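Participant: Pasting a structure here, questions to come.
The values are calculated or read from the model by the stated rules, or taken from the named source; none is laboratory data. Computed from a prediction, not measured in an experiment: that's the story for all the values here. Here the Cβ is made from the backbone with ideal geometry for all residues, glycine too, and neighbour counts use every protein chain on show. Each accessible area value is taken on the protein alone, full model and side chains, heavy atoms only, with ligands, DNA and RNA left out. Shrake-Rupley method; radii C 1.70, N 1.55, O 1.52, S 1.80 Å.
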Amino acid sequence: MSNVSANTRRLGEKSAMQTKRTFDKMSAAIEEQTRRTEHSASTALNGVRECYLRVLDMAQENTVAGFDLARELASVQTPSEFAEVWSAGARDRYETFSEQTKELSELAQRVATSTVRPLTNGLTSPFSQA
């Protein structure tokens with residue numbers, strides 16, 4: 001009978017050690033994933049801030065260009081000169097808008113990639129530790 005209780009106790013101790021090791025590994029994996037998530041959130045916040053500031057810069061540039069065009073239009077003498085200035089201004093605004101759209105798209109892509117990277121890099125690591 002004492003042999004059975006000793007075996008039962010060893011089995012219980014072995015199960016408890018395995019459970020503790022598994023718990024410790026899962027705790028470490030959860031801590032690592034929490035760190036990655038915090039880093040990702042911080043990166044996203046910084047990226048959104050960068051996009052926001054660039055949009056504000058673009059709005060200022062566009063406003064200045066609009067006032068410059070209005071000043072030029074106010075100084076024209078003939079309808080044909082008005083049409084030339086207007087066409088040149090519209091062409092310039094279109095080119096600028098295209099460049100700004102491309103720049104914002106690239107910036108948003110860069111922000112999205114850098115935000116997700118910490119999460120996807122660690123996606124398999126908790127499973128390999130367990």
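Participant: Does region 16-39 include one or more residues that are hydroxyl-bearing (Ser, Thr, Tyr) and touching a residue at least 60 places away in the same chain (Cβ under 8 Å)? Break it down into steps so the answer makes sense when it comes.
Facilitator: Narrowing region 16-39 to residues hydroxyl-bearing (Ser, Thr, Tyr): 19, 22, 27, 34, 37.
In the following step, the residues that additionally are touching a residue at least 60 places away in the same chain (Cβ under 8 Å) were identified as 22, 37.
Within region 16-39 (the criterion being hydroxyl-bearing (Ser, Thr, Tyr) and touching a residue at least 60 places away in the same chain (Cβ under 8 Å)), the answer is yes, since at least one residue qualifies.
Participant: Another question, then. Out of all the residues in region 60-80, is one or more surrounded by 14 or more Cβ atoms within 10 Å (Cβ to Cβ) and under 30 Å from Gln18 (Cα atoms)?
Facilitator: The answer is no, given that none of the residues of region 60-80 is surrounded by 14 or more Cβ atoms within 10 Å (Cβ to Cβ) and under 30 Å from Gln18 (Cα atoms).
Quick grid of which residues meet (1) modelled with pLDDT of 95 or more; (2) part of a helix (DSSP H, G or I); (3) within 20 Å of the chain's Cα centre (by Cα):
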position	(1), (2), (3)
Gly47	no, yes, yes
Gln60	yes, yes, no
Thr63	yes, yes, no
Phe82	yes, yes, no
Gln100	yes, yes, yes
Glu103	yes, yes, yes
Val116	no, yes, yes
Leu119	no, yes, yes
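Participant: Regarding Glu38, is this residue open to solvent by 70 Å² or more (accessible area, probe 1.4 Å), under 30 Å from Thr120 (Cα atoms) and in a helix (DSSP H, G or I)?
Facilitator: Working: open to solvent by 70 Å² or more (accessible area, probe 1.4 Å): yes; under 30 Å from Thr120 (Cα atoms): yes; in a helix (DSSP H, G or I): yes.
So Glu38 passes the test.
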